[in-house]
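First up is the structure itself, then whatever we jot down about it.
No value in this document is a laboratory result; all are computed from the given coordinates. Just so it is clear, the model here is predicted, and its values are computed rather than measured. We place every Cβ from the backbone using ideal geometry, glycine too, and count neighbours over all the protein chains shown.
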Amino acid sequence: MSKVGNTLKMLILLKSRGKMKISELSRELEVDRRQIIRYKEDLEQAGIYITSISGRYGGYYIEDKDYLLGLYLTDEEYNSLLMAQNQLKYEEFLFYEDFKMIVDKLNIVKEREGDFQTDYYIKGFKTNFDYNKERKIWIDINAATIMSKKIKIMYSSLKNQMTERIVRPYGIFQYKGSLYFVAFCEYREEIRQFKISRIKEYEILENKFQKDTSFNIKQYMKNSIGIFKDGQVDLKLKIYYPSAQIVKEKIWVEDQKITDIKDYIIFEAKMSGLTEIKSWILSMGSDVEIIEPYEFKEDMKKELKEMIKIYNL
């Protein structure tokens, strides 16, 4: 970041976080201690005076809050912002540091008399990935998408098979904490999604492509219970409690229909992604019964027989 940018960032940090040690500012701005002192001098030349307190509990701080524009935030809005920040940190959002800086800027103009945030605990699985690597790939793919440039990738499949692909990127989405991008794959001659963490090597090519203007990523993912696109089924299930209660609490696909009966529910929907539909049904164990279609029911029977073979039953 430029000297001017770092000087403004230092001002924002002091306004949002209050008193900070030179060592803390040095670490945040990734410069040495002498540069922090220079930034202080530059701010004071602009009429922004920084108080310096020596000693173990000392540091820099600014008392006047009139240097930057004001913005009114209610306590509820501010608390929601902090909860969102915690969520993004937990999910290791690639641009979390950028979001945190936005919160720091808002902290400057938020007059707080106490801590409004209650304990906010997040339970779930964290994604195992290389943060810096995925961030760079995301930025490059996003640029290639904007400029309609093809990408050559070395991609590892679910079966750990490596293939070289030339793809035409259309858009990026997130699913269960992982980043994917949708692209036309010249190898498969169809639109597919690729998990960014499975890209081992890549190169942005100079070759440009003509985008299909009719493509819509929301429509592409419609009726998918997950991200797989391997087949579609008009599903009708009888689901008993307690699994029925869990199913009722979520919208799995847009056109789902749930009929509540005394001891069970009837779930109906047109759904895409047979692999994940099977996994979803199996997760409910004996609480679920497939009513329709017959072919899918028979397919699930075969799946269960193969599972039983594993345990020699």
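Quote the relative contact order of the chain in percent (integer), defining contacts as alpha-carbon pairs under 8 Å separated by 6+ residues.
Relative CO of the chain lands at 11 percent.
Ranked highest first by the average count of other Cβ atoms within 10 Å around their residues, in what order do 79-87, 205-213, 233-241 fall?
233-241, 79-87, 205-213
So what is the relative contact order for the range 3-61, in percent, with contacts set as C-alpha pairs under 8 Å and at least six apart?
Values: 49 pairs, mean separation 23.5, N = 59.
About 40 percent, as a whole number.
Quick one: which residues, 5 or more positions from GLU292 or on another chain, have an amide H under 5 Å from its amide H? H modelled 1.01 Å from N in the peptide plane, none for Pro or chain starts.
LYS236
Around TYR155, what is the net charge, scoring Lys/Arg as +1 and Asp/Glu as -1 over all other residues with Cβ under 13 Å from its Cβ? Could you put the intermediate results ahead of the total?
Details: positive: LYS152, LYS159, ARG165, ARG188, ARG192, LYS195, ARG198, LYS200; negative: GLU164, GLU186, GLU201, GLU203.
So the environment of TYR155 carries a net charge of +4.
Just one of (1) 1.04; (2) 1.09; (3) 0.98 is Rg/Rh (Cα atoms, Kirkwood Rh) calculated from these coordinates, so which is it?
(2)
Relative contact order for the range 252-299 using alpha-carbon pairs under 8 Å, separation at least 6, rounded to a whole percent?
Over the range 252-299, the number comes to 22 percent.
Which of VAL253, VAL247 has the fewest other C-beta atoms within 10 Å, and how do the rest follow up to the most?
Ascending number of Cβ neighbours within 10 Å: VAL253, VAL247.
Show the residues, 5+ positions off or on another chain, whose built amide H is closer than 5 Å to the amide H of TYR175.
Sorted by chain and number, the residues that satisfy this are TYR180.
For the cross-link pairs LYS195/LYS238; LYS211/LYS278; LYS40/LYS136; LYS159/LYS278; LYS176/LYS248, which exceed 30 Å when the distance is taken from alpha carbon to alpha carbon? Present the calculation step by step, with values, prior to reporting the outcome.
Numbers: LYS195/LYS238 34 Å; LYS211/LYS278 34 Å; LYS40/LYS136 33 Å; LYS159/LYS278 19 Å; LYS176/LYS248 20 Å.
In this structure, LYS195/LYS238; LYS211/LYS278; LYS40/LYS136 lie more than 30 Å apart at Cα.
Suppose only helical runs count, i.e. DSSP H with n ≥ 4. What mean residue ellipticity at 222 nm does that imply for the chain under -39500 (n - 2.57) per run, divided by all residues and rounded to the nearest 500 deg cm²/dmol?
Result for the chain: -12000 deg cm²/dmol, rounded to the nearest 500.
Taking K and R as +1 and D and E as -1, what net charge do the other residues with C-beta under 11 Å from the C-beta of ARG27 add up to?
With Lys, Arg at +1 and Asp, Glu at -1, the net is -2.
Which order do peptides 305-312, 164-171 fall in by mean Cβ count within 10 Å, highest first? Write down the numbers at each step before the final one.
Working: 305-312: 8.2, 164-171: 19.4.
Top to bottom by mean Cβ count within 10 Å: 164-171, 305-312.
Tell me, ASP299, ASP130, ASP287 in order of fewest to most beta-carbon neighbours within 10 Å?
ASP130, ASP299, ASP287
If R₀ is 51 angstrom, what is the calculated FRET efficiency for the pair VAL253 and LEU8, using the beta carbon separation as r and rounding to 0.05?
On the way: r = 47 Å, r/R0 = 0.91.
The calculated FRET efficiency here is 0.65.
Mind listing P(r) for the range 232-310? All alpha-carbon pairs, 5 Å bins, whole percents.
Over the range 232-310, the share of Cα pairs per 5 Å bin runs 3, 14, 28, 28, 16, 8, 2, 0 percent.
Give me the number: length gained by fully extending ILE217 to TYR294, i.e. 0.36 nm times residue separation minus the C-alpha to C-alpha distance, one decimal in nm.
24.6 nm
I want to check the label-to-label distance for ARG188 and LYS19. Put each point 7 Å from Cα in the C-beta direction and report it in nm to one decimal.
Placing both labels 7 Å beyond Cα along the Cβ direction yields 5.9 nm.
For the pair ASN86 and LEU205, how long in nm is the line joining their label points, each one 7 Å along Cα→Cβ?
Taking the simple label geometry, ASN86 and LEU205 are separated by 4.7 nm.
Which value, in debye to the nearest 20, describes the size of the charge dipole of the chain about its Cα centre when Lys and Arg Cβ atoms bear +1, Asp and Glu Cβ atoms bear -1, and nothing else is charged?
Dipole magnitude for the chain comes out near 880 debye.
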